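Report on the following structure.
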Amino acid sequence: MGQGLWRVARNQQLQHQGYSGQSYLTRDRGRRIATNNVSNTSHRKQAQGGIDIYHLLKTRKSKEQEGFINLEMLPPELSFTILSYLNATDLCLASCVWQDLANDELLWQGLCKSTWGHCSIYNKNPPLGFSFRKLYMQLDEGSLTFNANPDEGVNYFMSKGILDDSPKEIAKFIFCTRTLNWKKLRIYLDERRDVLDDLVTLHNFRNQFLPNALREFFRHIHAPEERGEYLETLITKFSHRFCACNPDLMRELGLSPDAVYVLCYSLILLSIDLTSPHVKNKMSKREFIRNTRRAAQNISEDFVGHLYDNIYLIGHVAA
């Protein structure tokens, strides 16, 4: 393939100079072409194909000289737009070439807030010598520390002034951050129920269908792998929050937090039944309606049927 590409390139070069394909195929003519150009370029090779290599190297050199466009020659807003698509690693590499542009505070501020949506330090007057680039490094270091030991990670954020020692501030930080290990986060929230309470109140389930709201809830606050007190606590808190966000719907359907609690448990069990490969005899829609209405008699059959359809079509609520 390499020889084929070389021949194509040589043909193109010769055609550009006005030679036909037949003259290229003739060895003697090729030699005469090289000889005629020696007077102008004495450093070229006089052997067959020497002129072709020269032109290829010349073309390659011109391409290398062109290189990537110099961002400093562009309008600042356009340069910043281009650099805003880079991650932290690439932005550090870009700073080796365009130091003033790539080290701009607005770029690093955008990186911080796109990864860690809320920090207490965002709402404070920055101290002397404050740098968003330095803050990014501290946030990254703190996240890695949290994923190894949640308590040490939170203490690190507080020691650097990034987070205030407040359950509400910690809950906002967790809610707006996607770099924290969900298993470590689950352990931390199980131990810090005060933070869990504030984290639940940050969710807005208004006008959401119950299974979809439950999926969103477990997307932020991951369910435990086994049943137990922590799972019951999560479902209880979710039920009260869902009712608080949809008071009109609750009155229309005649649902209470206890009834929503029963529905949530039914949805989790149905999700396991329909998605687990170990369950051969899947629960039918009729069976789900009968079992659910037996536990919560005020719920309409149509509403329970819609719940079954949602799990059947979309999948597990706590996957």
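Could you size up the charge dipole of the range 74-191 around its Cα centre, putting +1 on the beta carbon of Lys and Arg and -1 on that of Asp and Glu, and report it in debye to the nearest 20?
Taking the Cα centre of the range 74-191 as origin, the dipole is about 240 debye.
Which order, highest average first, do 234-243, 298-307 follow once you tally other Cβ atoms within 10 Å for each residue and take the mean per peptide?
Highest to lowest by the protection proxy: 234-243, 298-307.
Net charge near Ala244: determine it from the other residues with C-beta under 11 Å of the C-beta of Ala244, scoring Lys and Arg +1 and Asp and Glu -1.
Every neighbour counted, the sum reads +3.
Peptides 111-118, 88-95: what's the order by average Cβ count within 10 Å, highest mean first?
The most tightly packed comes first, giving 111-118, 88-95.
Compute the FRET efficiency between Asp90 and Arg294 as 1/(1 + (r/R0)^6), taking r as their Cβ-Cβ distance and R0 = 41 Å, and round to the nearest 0.05.
0.10
In Å², what does the accessible area per residue of the range 70-206 work out to with a 1.4 Å probe?
On a per-residue basis, 54 Å².
What's the local net charge at Arg294, with K and R +1, D and E -1, over the other residues with C-beta under 14 Å away?
Once all neighbours under 14 Å are counted, the net charge is +1.
Compute the signed sum of charges (Lys and Arg +1, Asp and Glu -1) over the other residues within less than 13 Å, Cβ to Cβ, of Leu274.
Charge balance in the 13 Å sphere: 0.
With +1 on each Lys and Arg Cβ and -1 on each Asp and Glu Cβ, how big is the dipole of the range 203-314 about its Cα centre, in debye rounded to the nearest 20?
Value, rounded to 20: 160 debye.
Report, to the nearest whole %, how much of the accessible area of the range 74-191 belongs to carbon and sulfur atoms, 1.4 Å probe, protein only.
C and S atoms contribute 54 percent here.
Under a plain spin-label model, where a point goes 7 Å from the Cα along Cα-to-Cβ, how far apart in nm are Leu253 and Tyr122?
Spacing of the two 7 Å Cα→Cβ label points: 3.2 nm.
Which whole number in µm²/s is D for the range 181-260 by Stokes-Einstein, with the Kirkwood Rh taken over Cα pairs at 20 °C and 1.002 mPa s?
Reported coefficient: 164 µm²/s.
I'd like to know which of Leu210, Leu135, Pro167 lies farthest towards the positive end of the charge dipole of the range 100-252, counting +1 on Cβ of Lys and Arg and -1 on Cβ of Asp and Glu.
Leu210
What is the spin-label model distance, in nm, from Phe303 to Glu105 if the labels are put 7 Å beyond Cα along the C-beta direction?
According to this spin-label approximation, the distance is 5.3 nm.
The values are calculated or read from the model by the stated rules, or taken from the named source; none is laboratory data. If you're wondering where the values come from, they're calculated on a predicted model, not measured in any experiment. With ideal geometry, Cβ positions are generated from the backbone for all residues, glycine too; neighbour counts draw on all protein chains shown. For accessibility, only protein heavy atoms count, side chains too; no ligands or nucleic acids. Shrake-Rupley method; radii C 1.70, N 1.55, O 1.52, S 1.80 Å.
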